[in-house]
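Below is one structure, written out as structure tokens; the observations come after it.
The values are calculated or read from the model by the stated rules, or taken from the named source; none is laboratory data. Since we're looking at a predicted model, the values are computed, not measured. Ideal geometry is used to build each Cβ from the backbone, glycine not excepted, and the neighbour counts take in all protein chains shown. Areas reflect the complete protein model, heavy atoms only, side chains present, ligands, DNA and RNA absent. Shrake-Rupley method; radii C 1.70, N 1.55, O 1.52, S 1.80 Å.
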Amino acid sequence: MPKISLCIDGREIEAAAGASLLETALEHGIYIPHLCHDPDLKPHGGCRLCLVAVRGARGFPAACTTQVADGMVVTTTGAELDQVRRDMLEILLTEHPLDCLSCAKNQHCALQTAAAYIGDVRRNLRRTGTPGQGAEFTPCFVLGRDYCILCQKCVRACDEIAHKKLLTVVGRGGLSRVAIFASQAELVAACSDCLECVKRCPTAALRPLP
């Protein structure tokens, strides 16, 4: 595959033509916050945390859905860019449980990693205290919607990797949620030897049975 050259944060980098900007940056040790990206799934661009500044481009494109180009000049940080990311993260954390130290995903949570990198997140100022949605127990896994950030990695993994399409997102806006479209018996038959959805979840929204 032909190679192209680009500049990320002042570093001259060689990348494969057609590669995504996010994967190229990560391959070269340049961290860009991200939640919905997975190298085994199609680019989604849903979390809006991997925004970057590209010279000559309007706004801040998502690095996961932007392909590298020869001569591209990219900046991954900056006052305005960092504030946009911080605002997006605060929205995600508005109703997220504040139990990181006791959470099953503590120190292995992509949301926690992104929050630590972005820093100065005023999560307590925006938290409304609205009662959570609780957890749904299935024969194969637990779906804790209070922890769900709607990255849709579980839905996409069930579709693109497992080819089962047992998960979907229903509702709109603030009422959106992951839903299970299968009976208990169907879940046992389809999910017992799979659990790709659980493996891909970046938070504690999907977890194995206790």
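Rolling a 1.4 angstrom probe over the chain with all protein chains present gives an accessible area of which 53% lies on carbon and sulfur atoms.
Dividing the convex hull volume of the alpha-carbon atoms in the stretch 133-210 by its residue count gives 85 Å³ per residue. Less than 14 Å Cβ to Cβ from residue 2, Lys/Arg counted +1 and Asp/Glu -1: what total charge do the surrounding residues give? It works out to a net charge of -1.
Summing charges over neighbours of residue 197, with a neighbour being any other residue whose Cβ is under 15 Å away from its Cβ, gives +2 when K and R count +1 and D and E count -1.
Rolling a 1.4 Å probe across the protein heavy atoms gives the chain an accessible surface of 53 Å² per residue. When peptides 16-24, 46-54 are ranked by their average number of other Cβ atoms within 10 Å per residue, the highest-first order is 46-54, 16-24. Considering all alpha-carbon pairs of the stretch 1-112, what whole percent are spaced by more than 22 angstrom? Percent of Cα pairs beyond 22 Å in the stretch 1-112: 36. Note on the chain: antiparallel DSSP beta bridges, both residues inside, total approximately 90 percent of the bridges counted. Extension gain for residue 79 to residue 53 (0.36 nm times residue separation, less C-alpha to C-alpha distance): 8.2 nm. Simple point charges give the picture: +1 on the Cβ of Lys and Arg, -1 on the Cβ of Asp and Glu, and for the chain a dipole about the Cα centre of about 500 debye. A simple count of charges around residue 47, restricted to other residues whose Cβ falls under 14 Å of its Cβ and scoring Lys, Arg +1 and Asp, Glu -1, yields +3.
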